[in-house]
């Protein structure tokens, strides 16, 4: 999963092999975010998720949303989005289990390694990733400091895949 801040970056990420794109642009206004989503979704050859904004995901015809840990519940998002994808970013096994109980399709766990986009967050490491992957039945994506060299470590720890910002630039 490529985490991008705009349509152009999303299309670039797809060319570099991203199999899903998450549009995460917290600094954009709702109108600007909707424009970016409306530019990206029809051109994307892979599913597009919108971070935190069910309304924008619906308006743009996106495949779903990814919700930060402190966002609305997965169950509330599911009520709004029906069968579209609903994922949750988590930082603990407890949060992952809660997301699974609420009906999340997947969780993103991290940061696994130090991450330039979240320099103040302490990395959890691959051992915590493995523990979390064993604790839930839904797919787990690793995030935070993921490089092409570390992708195999994510898989060995039980992650179904990974999410990254820098890797797809």
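The values are calculated or read from the model by the stated rules, or taken from the named source; none is laboratory data. Bear in mind the structure is a predicted one, so any value in this text is a computation, not a measurement. Virtual Cβ from ideal backbone geometry, glycine too; neighbours counted across all protein chains shown.
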Leading residue by the ranking (modelled with the highest pLDDT) among those in region 131-148 that are under 16 Å from residue 18 (Cα atoms) and surrounded by fewer than 16 Cβ atoms within 10 Å (Cβ to Cβ) = 147
Name the pairs: first residue in region 152-168 and without any contact (Cβ under 8 Å) to a residue 60 or more places away in the chain and at positive phi, second residue part of a helix (DSSP H, G or I) and buried (at least 19 other Cβ atoms within 10 Å of the Cβ), Cβ to Cβ under 7 Å, at least 6 apart or on different chains?
-> 158/133
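Which one is surrounded by the most Cβ atoms within 10 Å (Cβ to Cβ) among residues in region 9-34 that are free of Cβ contacts under 8 Å to residues at least 24 places away in the same chain and not in a loop (DSSP other than H, G, I, E, B)?
Only one residue fits best here, namely 33.
Every residue, every condition in (1) within 21 Å of residue 2 (Cβ to Cβ); (2) more than 17 Å from the chain's Cα centre (by Cα), yes or no:
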residue: 66; (1), (2): yes, no
residue: 72; (1), (2): no, no
residue: 82; (1), (2): no, yes
residue: 100; (1), (2): no, no
residue: 104; (1), (2): yes, no
residue: 140; (1), (2): yes, no
Checked against (1) farther than 23 Å from residue 86 by Cα; (2) touching a helix residue (DSSP H, G or I) at 6+ places or on another chain (Cβ under 7 Å), residue 112 satisfies every condition except (1)
Given (1) in contact with a helix residue (DSSP H, G or I) (Cβ under 8 Å, 6 or more places away or on another chain); (2) closer than 16 Å to residue 52 by Cβ, where does residue 93 come up short, assuming only one miss?
-> (2)
Return yes or no: is residue 80 within 24 Å of residue 27 (Cβ to Cβ), free of Cβ contacts under 8 Å to residues at least 40 places away in the same chain and buried (at least 16 other Cβ atoms within 10 Å of the Cβ)?
-> no
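Residues in region 72-91: is at least one farther than 25 Å from residue 168 by Cα, modelled with pLDDT under 95 and not in a helix (DSSP H, G or I)?
There is no residue in region 72-91 that is farther than 25 Å from residue 168 by Cα, modelled with pLDDT under 95 and not in a helix (DSSP H, G or I).
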Quick one: which of 123, 139, 111 is touching a residue at least 12 places away in the same chain (Cβ under 8 Å) and within 19 Å of residue 73 (Cα to Cα)?
-> 139
Of the numbered conditions (1) crowded, with 16+ Cβ neighbours inside 10 Å; (2) at pLDDT 95 or above; (3) within 21 Å of residue 153 (Cβ to Cβ); (4) out of contact with any strand residue (DSSP E or B) (no Cβ under 7 Å at 6 or more places or on another chain), residue 107 fails exactly one; give the number of that condition.
-> (4)
